[in-house]
Protein chains: 2
Amino acid sequence: MPLTRHTERHFTSGETVRDIVIGMSDGLTVPFALAAGLSGAVESTSIVITAGLAEIAAGSIAMGLGGYLAARSDAEHYSSERRREQAEVHDIPAAEAREVTEVLGSYGVSAEAAAPVVRALQERPDAWVDFMMRFELGLEKPEPGRALRSALTIAGAYVAGGLIPLAPYFFSHTTSQALLYSIGFTLSALLVFGFVKGRFTGTRPVRSALQTALIGSAAAGAAFGIARLIGGRT
Amino acid sequence: MPLTRHTERHFTSGETVRDIVIGMSDGLTVPFALAAGLSGAVESTSIVITAGLAEIAAGSIAMGLGGYLAARSDAEHYSSERRREQAEVHDIPAAEAREVTEVLGSYGVSAEAAAPVVRALQERPDAWVDFMMRFELGLEKPEPGRALRSALTIAGAYVAGGLIPLAPYFFSHTTSQALLYSIGFTLSALLVFGFVKGRFTGTRPVRSALQTALIGSAAAGAAFGIARLIGGRT
């Protein structure tokens with residue numbers, strides 16, 4: 001099972017944009033919600049800052065390292081499946097030829113019509129293996145070096161996103177004042193980010209902006225309610 | 001761009017397992033790290049509990065709702081691309097036939113050998129569209145009803161995972177005592193979860209267990225260090 005978040009296919013804007021989207025989506029949302037939640041329960045901005053920075057550290061490392069290991073694991077999965085296909089093409093070519101016929105048969109291509117394709121693949125075992133990887137298994141070759149770059153991009157975007165809702169707590173005296181600025185900053189950032197994300201992902205930008213702001217607001221609202229309910233004003 | 005986390009292909013254990021893995025990975029890691037971080041900075045277990053529950057609410061909603069919208073957006077992307085392919089197959093069949101020849105040509109199949117396949121597809125326009133979706137665009141048909149089920153599973157797994165590191169804070173008098181139990185509980189849970197995850201995903205279970213525990217420890221260690229540095233003991 002490929003574990004990388006958001007598999008890229010048919011997406012032209014590159015993997016970096018995708019990794020930024022992954023990191024910033026959560027980075028803008030969760031620290032914002034946590035800070036809002038704590039603002040409902042404590043007076044001291046320093047506790048919110050401490051918790052917020054701890055969350056940003058934890059979240060960025062968990063997402064970055066998680067992404068790194070998932071990408072590595074996908075790459076290993078691809079290699080091991082490719083070795084298995086190579087062995088099968090070499091050891092049991094007749095069974096593999098039948099599989100090509102079956103794959104094409106599932107689209108209504110008769111065995112007779114598929115036969116020239118099978119023969120062409122048999123002449124080029126490497127292309128045959130590539131064909132099976134893509135058409136039988138639906139696996140695409142992972143880009144080398146992707147894991148580390150992806151991890152750093154995701155973690156960096158998470159940190160950048162997370163500092164936006166937290167910034168007002170550095171400059172305000174009370175959590176309730178900071179919360180107002182934090183809501184303003186973060187909703188604006190979510191709307192802009194959602195709009196830009198929509199342009200890249202093909203969702204209508206305005207709708208994407210509203211959806212992104214909705215996720216942030218729902219998460220923050222729930223966190224605020226729960227923290228207020230449980231923590232009270234301490 | 002498909003936005004769903006961890007696209008499923010060639011994975012036999014079902015999407016539910018995959019959604020549980022997504023939710024529980026972050027649920028075990030981030031609340032654990034946040035609680036550990038705060039334990040390095042505050043004495044009161046009630047602040048850790050408040051922050052922890054606020055984080056669990058925020059994280060589960062952000063991940064669940066994010067997953068829901070991403071799955072919906074993937075389904076819409078698939079539908080719109082399928083309509084485009086249907087129109088192309090209907091309006092410019094000659095160009096689409098050339099594309100089939102090109103796809104097969106990239107695996108060393110000559111235009112001559114591909115011709116019977118092209119003719120077979122031309123007789124069944126629906127299968128032809130399916131063929132283009134999978135082989136030209138690499139898109140797979142999303143399962144209907146997936147978005148909501150996926151969102152609830154991810155959010156539920158996040159909550160279940162997040163309560164494990166937090167539980168000791170309900171029963172302990174000091175954060176430092178709770179932290180010791182939390183580390184014990186969570187490391188055990190991460191090892192078990194990583195092991196089971198490895199069995200399902202095809203990674204070696206022992207290695208998966210150690211990697212999963214490593215992510216949790218690194219995130220918690222960083223959060224603890226940062227919170228201690230900034231927050232001091234208040």
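The values are calculated or read from the model by the stated rules, or taken from the named source; none is laboratory data. Not measured: the values here are computed from a predicted model. As a convention, Cβ positions derive from the backbone with ideal geometry for all residues, glycine included, and neighbour counts pool all protein chains shown. We work out accessible area using only protein heavy atoms, side chains counted, and drop any ligands, DNA or RNA first. Shrake-Rupley method; radii C 1.70, N 1.55, O 1.52, S 1.80 Å.
Explain nothing, just the number: dipole magnitude of the range A:87-157 about its Cα centre with +1 on each Lys and Arg Cβ and -1 on each Asp and Glu Cβ, in debye rounded to the nearest 20. The partial results should precede the final answer.
Details: 7 positive and 12 negative charges, 76 e Å.
Around 360 debye, computed over the range A:87-157.
Angle check, please: helix B:175-201 long axis (alpha carbons) against the longest principal axis of chain B (alpha carbons), in degrees 0 to 90, nearest 10.
20
Using a label point 7 angstrom from Cα along Cα-to-C-beta, what distances in nm, from shortest up, separate residue A:93 from the other copies?
Taking the point 7 Å beyond Cα along Cα→Cβ, the inter-copy spacings are 3.6 nm.
Say we join alpha carbon atoms closer than 10 Å with springs in a Gaussian network model of chain A; which of A:110, A:150, A:73 then has the biggest fluctuation?
Looking only at A:110, A:150, A:73, the biggest GNM fluctuation is shown by A:110.
Shape verdict for the range B:155-234, please, from the Cα gyration tensor: rounded (a/c under 1.5), prolate (a/b greater than b/c) or oblate.
Numbers: a/c = 2.51, a/b = 1.75, b/c = 1.44.
Here the range B:155-234 falls in the prolate category.
Based on the inverse mean of 1/r over its pairs of different Cα atoms, what is the Kirkwood hydrodynamic radius of the protein assembly as shown, in Å?
Details: mean 1/r = 0.0425 Å⁻¹.
That comes to 23.5 Å for the protein assembly as shown.
Taking each label point as 7 Å beyond Cα in the direction of the beta carbon, state the distances from residue A:176 to the same residue in the other copies, shortest first, in nm.
3.6
What is the helix-to-structure angle for B:15-39, meaning the angle in degrees between its Cα long axis and the longest Cα principal axis of chain B, kept from 0 to 90 and rounded to the nearest 10?
30
Of the listed peptides B:111-119, A:46-54, what is their order by residue-averaged count of other C-beta atoms within 10 Å, with the highest listed first?
Values: B:111-119: 17.4, A:46-54: 26.9.
The most tightly packed comes first, giving A:46-54, B:111-119.
What is the magnitude of the charge dipole of the protein assembly as shown about its Cα centre, with +1 placed on the Cβ of each Lys and Arg, -1 on the Cβ of each Asp and Glu, and no other charges, expressed in debye to the nearest 20?
On the way: 40 positive and 44 negative charges, 316 e Å.
For this selection, approximately 1520 debye.
Quick one: net charge of residue B:162's neighbours, Cβ under 13 Å, K/R +1, D/E -1? Don't skip to the answer; put the middle values down first.
Numbers: positive: none; negative: A:55, B:26, B:55.
Result for the neighbourhood of residue B:162: -3.
Can you give the extra length, in nm with one decimal, that the chain gains between residue A:206 and residue A:188 once fully stretched, where that is 0.36 nm per residue apart less the Cα-Cα distance?
Numbers: separation 18, 0.36 × 18 = 6.48 nm, distance 1.30 nm.
Taking 0.36 nm per residue and subtracting the Cα distance, the gain is 5.2 nm.
Only helical DSSP H runs with n ≥ 4 go in: add -39500 (n - 2.57) per run for chain B, normalise by residue count and round the 222 nm mean residue ellipticity to 500 deg cm²/dmol.
Values: 8 runs with 185 residues, N = 234.
Per the formula, -28000 deg cm²/dmol.
Within the accessible area of the range B:71-226, what % is carbon and sulfur when the probe is 1.4 Å and the other protein chains stay in place?
Numbers: 4760 of 7560 Å².
Here carbon and sulfur together make up 63 percent of the probe-accessible area.
Projected onto the charge dipole of chain B (+1 at Lys/Arg Cβ, -1 at Asp/Glu Cβ, origin at the Cα centre), which of B:128, B:138, B:172 gives the Cα projection farthest towards the positive end?
Sorting the options by dipole projection puts first B:172.
Copy-to-copy spacing for residue A:144, label 7 Å out on the Cα-to-C-beta vector, in nm, shortest first?
Its label point is 4.6 nm from the equivalent points in the other copies.
GNM on chain B, C-alpha springs below 10 Å: top fluctuator among B:55, B:99, B:123?
B:123
Take the alpha carbon gyration tensor of chain A, find the square roots of its eigenvalues, order them as a ≥ b ≥ c, and report rounded if a/c is under 1.5; if not, report prolate when a/b exceeds b/c, else oblate.
prolate
Mind checking A:137-146 for the average number of partner chain beta-carbons within 10 Å of each residue's beta-carbon?
Numbers: counts 2, 7, 2, 2, 0, 0, 0, 0, 0, 0.
Mean shielding count: 1.
Using only Cα atoms, find the angle between the long axis of helix B:111-123 and the longest principal axis of chain B, and express it within 0 to 90 degrees, rounded to the nearest 10.
Tilt of helix B:111-123: around 80 degrees.
Could you give the size of the charge dipole of chain A about its Cα centre, using +1 on the Cβ of each K and R and -1 on the Cβ of each D and E, expressed in debye and rounded to the nearest 20?
Numbers: 20 positive and 22 negative charges, 215 e Å.
With only Lys, Arg, Asp and Glu charged at Cβ, the dipole is about 1040 debye.
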